[in-house]
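The values are calculated or read from the model by the stated rules, or taken from the named source; none is laboratory data. All figures in this text were calculated on a predicted structure; none of them were measured in a lab. Every residue, glycine as well, gets a Cβ built from its backbone with ideal geometry; the counts of neighbours run over all protein chains shown. Calculation scope for accessible area: heavy atoms of the full protein, side chains included, ligands and nucleic acids excluded. Shrake-Rupley method; radii C 1.70, N 1.55, O 1.52, S 1.80 Å.
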Amino acid sequence: GLLGNGFVRAMISKGEKVQVWNRTASKAKELEQYGAKAFDRIEDAVRDADVVHIALKDDATVDDALAKAEAGLKPGAIIADHTTTSIEGAKKRTEEWKGKGFQYQHAPVFMGPVNALGSTGYMLVSGDQALIKKIESQLSAMTGKLLNFGEEVGQAAAMKLTGNLFLVGMNGALV
């Protein structure tokens, strides 16, 4: 999608090897011109990856994509989810994927496609501080500013949803 496209292009410009999948295959194929390797099946795109980044629409699409990806996930892989999801969804996935031997980190963002391409904006995290420390430099490089809301899983989701409500309210007041 729009956010993922920017993330991928920015990662490639920094010398990272990136494998991609999109629910609309043509969107993944478009990224090959920048150096990405596109796959038709998500389980092939995530194969052998230490860190898998996803940016989707909502809880349901995240759950669906991860269920399809599971067969290709490397044992112990880190899943960094940049989707705006519910607090409950972030908590559920954290526990569920931990039980399966993977590390799930919800890391929603305040940014648009231009910010993703320029690695500017804000990324929010909360939860397992050892995991966050492990991927902190990679996440910070994607956005410019990483905001850590502490040990409580789901706090990043809560702050993202609160921020969205504020922005919608501010927009409504200005119109």
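Could you give the nm distance between label points at Tyr34 and Ala60, where each point is 7 Å from its Cα heading toward the beta carbon?
For Tyr34 paired with Ala60, the spin-label model returns 2.9 nm.
Given the whole protein assembly as supplied and a 1.4 Å probe, what does the accessible area of Tyr34 come to in Å², nearest 10?
Counting only protein heavy atoms, the figure is 90 Å².
Could you list which residues have their amide H under 5 Å from that of Gln105, counting only those 5 or more apart in sequence or on another chain, with H placed in the peptide plane?
Counting only residues 5 or more places away or on other chains, the set is Ile79, Ala80, Asp81.
Please list, short to long, the whole-number percent of alpha-carbon pairs of region 13-80 in consecutive 5 angstrom bins beginning at zero.
The percentages, shortest bin first, are 4, 18, 27, 28, 17, 6, 0.
May I ask you to derive the relative contact order of the chain, considering only C-alpha pairs under 8 Å and at least 6 residues apart, and to give it as an integer percent?
19 percent
Can you run phi through the Karplus equation (6.51, -1.76, 1.60; θ = phi - 60°) for region 26-35 and list ³J(HN,Hα) in whole Hz, with x for Gly and Pro?
3J(HN,Hα) across region 26-35, in whole Hz: 4, 5, 5, 4, 4, 6, 5, 5, 9, x.
According to a simple spin-label model (label point 7 Å from Cα along Cα-to-Cβ), what is the distance in nm between Lys134 and Ser13?
3.0 nm
Looking only at region 6-133, where both bridge partners belong to it, what percent of the DSSP beta bridges are antiparallel (to the nearest 5)?
Percent antiparallel among DSSP bridges in region 6-133 is about 15.
Hey, got the Cα dimensions of region 66-175 along the principal axes, in Å, largest first?
49, 29, 28
Could you please put Arg23, Arg93, Arg9, Arg41 in sequence from largest to smallest accessible area, using a 1.4 Å probe?
Arg23, Arg41, Arg9, Arg93
Summing Lys, Arg as +1 and Asp, Glu as -1, what charge do residues with Cβ under 10 Å from the Cβ of Lys37 carry, Lys37 excluded?
-1
Mind checking Rg over Rh on region 105-167, alpha carbons, Kirkwood formula for Rh?
0.97
Given only helices, namely DSSP H runs of n ≥ 4 each adding -39500 (n - 2.57), what is the per-residue ellipticity at 222 nm of the chain, to the nearest 500 deg cm²/dmol?
So the calculated ellipticity at 222 nm is -15000 deg cm²/dmol.
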